[in-house]
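Report on the structure given below.
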Amino acid sequence: MAIDHQESVASHPEDEGSGAETSWFSSPSARWTALFVMLGVLTVAHFVTAPDQSSLHDFLFKLTYLPIILAGLWFGWRGGFFLALLTGLVYVVHIRLQLSGHHLHGVTGFLLELVLYLLIGLVVGLLSDRQRKFQDRLSTAHTDLQRSFAALREKTEALLEAEESLRRADRFKAAGEIASGLAHEVRNPLGGIVGAAEILAKPETDDQARAEFAAVLTRETKRLDRVITQFLDFARPGSNNEGTSKLREEIEFVEKLTAGPRGKKQTAFDSESVPGDITVPISADALRQVLLNLTLNALSAVPTSTGRIGWQAERDGKLVLLRIEDNGHGIDADVRDRLFEPFVTSREGTGLGLAIVARLMNDVGGSVIVERTDANGTVFRLTFPMIGAGRHLGDTQ
């Protein structure tokens, strides 16, 4: 009977052994040699055993299943069937020559034994083939997964490099915009200071003109100092922001601070909707700066005599939401998307107020967004984490 060794000679991980088997025994030829040696030894044992030793012959017949099972495991159903058939043919000769008239099973028992040999060889071989195919699929899937993982890792590394490049580019761009904005804001008062100083230096300048230009010099110097102070506030790290504050108390404090400019525009200020027991994780100084910048921003937008600035606060799960609403003209469309960037403004000033608000809120794990803006007014929403809830928000967009 010809045997197709194509499947049996294939190399499989389970045939490699874990170190207990030597490499020569993993080869198909070595395994076939071992099987033939086992069958030969059992056959010789039969022939040297006295014919009347039926129990010992039965034991040797049962022991013959071992090489058949091994052939099925190692070489699939073809190997198992071949060795079972070869064993049956060898034992036909043995029965005819030695055990005829002595073996208790007789011809019928032997035929059943031969059928069992063939069934065991086939069943074990088929199960081995199925397991081998399953392991092959697992090995293929593992290889494909490794390739996919390697490709994904390469793409991820490339993506991270591209992201880092973009971040560097964004940092350079932001630094350039800040430098340009700062230079613009500093140049204007410096121009006024230089011009006023030149006029004051002329001997022909009369006393009235000297007084006027001295006032200009003072005003522009204060303006320059204000620009630098605001820029430092924006750039300063947030280590001084740690602490806690009562929302209602700080809003009332800002109400007093802005009493002068609000009185000039006759603007109403309403904070009754803010509960007095809400505490937020931000220092009093930082919170006042946030509230003051938002109040001054709203005050610049509301109309004279009919202006209104209102505050509302509420707890929402592990968050505290604070809203400031005004009835001003809204925010210009061309600056809405860049409202919290430094030196972005649609009115008089440096454009650092809202950038400072965003930075201070981000430092304490909070956020600030424009919830609504239109011709009827604007609503800013501040989000604070509750005390002990952790700092994880930090989204100013």
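Every number in this text was worked out from the coordinates using simple rules, so none of it is lab data. Model, not experiment: these values are computed from the prediction. Note that each Cβ is placed from the backbone with ideal geometry, even for glycine, and that neighbours are counted across all protein chains shown.
Using mean Cβ contacts within 10 Å as the protection proxy, how do 155-166, 66-77, 244-255 order, highest first?
Working: 155-166: 10.0, 66-77: 23.2, 244-255: 18.7.
Ranking the peptides 155-166, 66-77, 244-255 by packing returns 66-77, 244-255, 155-166.
Please compute the net charge surrounding K202, taking Lys and Arg as +1 and Asp and Glu as -1 over other residues with Cβ under 14 Å from its Cβ.
Working: positive: R210; negative: E198, E204, D206, D207, E212.
After counting each charged neighbour, the total is -4.
Name the long-range amide H neighbours of V320: under 5 Å, sequence gap of 5 or more, or other chain; modelled H, no Pro or chain starts.
The list, which skips near neighbours in sequence, is F384, M386.
Considering only the other residues whose Cβ falls under 12 Å of the Cβ of G307, what net charge follows from Lys and Arg at +1 and Asp and Glu at -1?
Neighbour charge sum, excluding G307 itself: +1.
Report, by chain and number, residues whose modeled amide H sits under 5 Å from the one on R372, excluding near sequence neighbours (fewer than 5 apart, same chain).
V379
With the calculation restricted to Cα positions, what are the radius of gyration and Dmax of region 240-385 in angstrom?
Gyration radius and largest Cα-Cα distance of region 240-385: 14.3, 40 Å.
In 10 Å bins starting at 0, how do the alpha-carbon pair distances of region 245-301 split up by percent?
The percentages, shortest bin first, are 23, 55, 21, 1.
Pull out the extension gain between T306 and L127, defined as 0.36 nm times the separation in residues minus the alpha carbon to alpha carbon distance; nm, one decimal.
On the way: separation 179, 0.36 × 179 = 64.44 nm, distance 8.94 nm.
Working it through step by step, the gained length comes to 55.5 nm.
Order the peptides 300-306, 137-143 from the highest to the lowest mean number of other Cβ atoms within 10 Å of their residues. Spell out each step's value before the answer.
Working: 300-306: 14.4, 137-143: 10.4.
Packing proxy ranking, top to bottom: 300-306, 137-143.
In what order do I278, I356, I387 fall by count of nearby beta-carbon atoms within 10 Å, going from fewest to most? Display every interim value, and only then the final one.
On the way: I278 18, I356 23, I387 12.
Taking fewest neighbouring Cβ atoms as first place, the list is I387, I278, I356.
Identify all lysines with a Cα-Cα distance to K265 below 27 Å; exclude those on the same chain that are fewer than 8 residues away in sequence.
The qualifying lysines are K222, K256.
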